1. Restricting region 197-215 to residues that are modelled with pLDDT under 90 and either in the same structural domain as Arg88 (by TED's automatic domain parsing) or among the small types (Gly, Ala, Ser) (or both), which is surrounded by the fewest Cβ atoms within 10 Å (Cβ to Cβ)?
2. Residue pairs, Cβ under 7 Å, 6 or more apart or interchain, first in region 167-191 and touching a residue at least 40 places away in the same chain (Cβ under 8 Å), second of a type in the set (Phe, Trp, Tyr) and in a loop (DSSP other than H, G, I, E, B). List them.
3. Kindly check whether there is at least one residue in region 216-227 that is crowded, with 19+ Cβ neighbours inside 10 Å, closer than 18 Å to Thr158 by Cα and not small (Gly, Ala, Ser).
4. Please determine, by comparing only the residues of region 161-196 that are at positive phi and not acidic (Asp, Glu), which one is modelled with the highest pLDDT.
5. Scan region 87-102 residue by residue and report those that are loosely packed, with under 14 Cβ neighbours inside 10 Å and of a type in the set (Val, Ile, Thr).
6. Give me the pairs, please: first residue somewhere in region 68-90 and without any contact (Cβ under 8 Å) to a residue 60 or more places away in the chain, second residue anywhere and in a helix (DSSP H, G or I) and of a type outside the set (A, V, I, L, M, F, W, C), beta-carbon distance under 8 Å, and either six or more positions apart or on two chains.
7. Between a residue in region 292-309 that is under 30 Å from Gly222 (Cβ atoms) and any residue that is modelled with pLDDT of 95 or more and of a type in the set (Phe, Trp, Tyr), which pairs come within a Cβ distance under 8 Å, given they are 6 or more apart or on different chains?
8. What is the residue count in region 220-254 for residues that are aliphatic (A, V, I, L, M) and within 16 Å of the chain's Cα centre (by Cα)?
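The values are calculated or read from the model by the stated rules, or taken from the named source; none is laboratory data. For clarity, every value in this text was computed on a predicted model and none was experimentally measured. Cβ: placed from backbone, ideal geometry, glycine included. Neighbour counts: every protein chain shown.
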Amino acid sequence: MRRLLRSLFKKKSKEDVFESELCDFCNTSLPRESKFNIFKCKSCNTLNFKAFSIADIQLEEFISYGGSGAVFKSGDKAIKLVYKNDLRALEELHNEYDVFTSLKKVDKHLLPLEAFFENDIYAGLVTPYEKGGTLAQYIATNGPMDFRKGLEIILQVTDAVQCLYKNGFLYPDIKPQNILMSASGDIQLCDYGHVSSLSSLEENKDNISGTADFISPERLTGAKEDCRSSLYSIGLLMHYIFTARKLYNAKSLQETAEKHVKNNAASFMKAELKHLPINFIKLVERLTDKDRNMRLSSFPEFKGLVRKQLTVTPQ
């Protein structure tokens, strides 16, 4: 598949220079230079995207930045692009495609990667376009989730992470920005660029990837990681879903990360989640203990306890 698509995209992309374009928001002249035809206005600091094409792919709308790349809408597809001269971003994109195509069984809550392509300038991935945006955008707009709906979202996230784990991979970057919402409210987990095989975790323990707000203590200290590390991040995601805020409010990403090692996240949950059932609070505490030996030790056990919460929660 990759070889076939490579031949289709040999033609150089048309990334235009808009010398006299004005900002869509304040009508000030935009700078000439851009990345991915995204121009940052020096006057009002807004991002202005000017549509362009790569071979037959028309990039219609800028969706978001993702790592060192950017994501665009093209019809009913989403296109993730990186510059080929950004070797780290290119490596992550290759890893993302290789991980997904190696899966023996794909859970419906994993975002499908439909194709890989490249030309002289870019490499990219083609995926379905989800109209619902990200979980982060949903929470920012709507605030904390309804308890029952939030539990259902958590089960879907866990299904996706567990599928990767069963295939021998650890997903290290559980965060609301990597969870896409469909129009029906279901989710798909995306961005496999930092996914590592379980067998290579020891070799790559000095390569810390993940997001400071949801990262596990083991990833930061170099201790052995397993499903309990993912469950820690899921526990922090549960806190976020039901409070609409991150657990730690620090001045820098470094300070935030350090709090996961210095503090015991579980000790804050009783106060943070006091509006929720006590058995649920205890469940989150069992996920977010700094000592991984005190956490739940399997995805099925965790999902069983979440489903138990659903049975006692009115619809």
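1. Only one residue tops the list, namely Ser199.
2. Listed by first residue and then by second, the contacts come to Ile174/Phe214; Lys175/Phe214.
3. yes
4. Gly168
5. Listed by number, the list holds a single entry, Thr101.
6. What qualifies is Ser68/Arg88; Ser68/Glu92; Val82/Glu92.
7. Arg292/Tyr232; Arg295/Tyr232; Leu296/Phe302; Phe299/Tyr165
8. Residues in region 220-254 being aliphatic (A, V, I, L, M) and within 16 Å of the chain's Cα centre (by Cα): 6 in total.
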